[in-house]
Structures are given as structure tokens and as C-alpha cells.
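This report concerns only the one structure given below.
The values are calculated or read from the model by the stated rules, or taken from the named source; none is laboratory data. Bear in mind the structure is a predicted one, so any value in this text is a computation, not a measurement. Note: ideal-geometry Cβ built from the backbone for every residue, glycine included; neighbour counts use all protein chains shown.
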């Protein structure tokens with residue numbers, strides 16, 4: 001029984017090994033591809049301008065809060081308990097307004113990320129369609145994006161699809 005199980009296990013492992021050798025795996029770097037796309041650079045500029053205007057508003061709110069706190073600290077001795085509490089409430093409300101503004105603009109559901117998604121989604125679809133076309137044309141079974149969380153210790157250059165994807169997108173590259 002043990003001998004039969006060992007033979008079966010050996011056959012399964014050998015067949016898995018042989019099957020794995022038939023797989024073609026390649027990679028590309030989406031950051032590199034996007035950096036070569038003129039549309040992407042325009043989107044990056046638009047998002048930067050949008051972000052900078054919101055950052056300026058946040059800085060203005062922070063300055064107001066700082067001014068209120070300085071004014072409160074300078075005059076605290078002169079205030080009655082009621083006015084002190086009122087001033088503290090005013091400062092806390094301003095801090096809460098600033099935090100709400102930051103969440104509205106830069107939070108996970110904020111305007112920046114929704115605008116970024118809206119602008120980048122068509123380009124990402126275009127890139128992924130090009131990746132799919134190149135992979136199908138070259139008979140590749142798996143394609144990884146090396147720009148993200150996937151970490152490759154080594155990859156042979158012949159499996160780098162960056163140039164093929166750029167050509168598929170109609171972007172000339174200089175060597």
C-alpha cells in the first residue's frame with residue numbers, strides 16, 4: 001500500500017512539474033508604461049493642480065486655528081470661564097472643520113481618489129487591453145505587473161513586455 005501511494009505521489013509530482021514547464025510567464029511595469037503615455041502626464045498635472053489648491057485651503061485653515069490658539073493663550077487670563085469655554089469650543093470646531101475637509105478631499109472616499117479613478121480608469125483599461133493583446137499574441141499564460149506589490153527577485157529580460165505593450169499602444173520608444 002505504501003509503495004503504491006509513493007508511486008502515485010511521484011507520478012503526480014512529475015506531471016505537475018512537466019505541466020508547470022509548459023507555462024509562459026512574463027511581466028511588465030505599469031508605472032513605466034504610464035510614464036510614457038502623454039495622456040497620463042496631463043492627468044498627473046491636473047491632479048497635482050487640484051491637490052495643490054486643496055492643500056492651500058488646508059494650510060489656510062491651519063493658520064486660522066493657530067491664530068485662534070495664539071489669541072486664546074495670550075488672552076486666557078482675561079476671559080471668564082464662560083468665554084474660555086466658548087473660545088475652546090470655537091477652536092475645536094475649527095479643528096473638526098479642517099479634519100472634515102481633509103477627509104472630504106483626501107480620504108478613502110474623498111474627491112481626490114474618485115477624481116483620480118475617473119481620470120485614470122480609461123487609460124488603465126487601454127493598458128490592460130494592450131497587455132492582453134500582447135500576451136495572447138506571444139502565447140503567454142501569466143503576466144505580472146512588477147510596479148505594484150508583487151516583488152520579483154529575478155526576471156529574465158526576454159520576458160519583459162514593456163516595449164511590446166508600448167508598441168501595442170502606438171507609442172514609439174527610444175533605445
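Here are the numbers:
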| read-out | value |
| --- | --- |
| Members of segment 65-82 found to be touching a helix residue (DSSP H, G or I) at 6+ places or on another chain (Cβ under 9 Å) and exposed (fewer than 15 other Cβ atoms within 10 Å of the Cβ), listed by number | 71, 75, 76, 79 |
| Some residue of segment 107-114 being touching a residue at least 60 places away in the same chain (Cβ under 8 Å), surrounded by 11 or more Cβ atoms within 10 Å (Cβ to Cβ) and closer than 30 Å to residue 164 by Cβ | no |
| Members of segment 141-175 that are assigned to a loop (DSSP other than H, G, I, E, B), loosely packed, with under 13 Cβ neighbours inside 10 Å and modelled with pLDDT of 80 or more | 141, 170, 172 |
| Residue list for segment 25-38, restricted to those being part of a helix (DSSP H, G or I) and either touching a helix residue (DSSP H, G or I) at 6+ places or on another chain (Cβ under 6 Å) or farther than 15 Å from residue 125 by Cα (or both) | 32, 33, 34, 35, 38 |
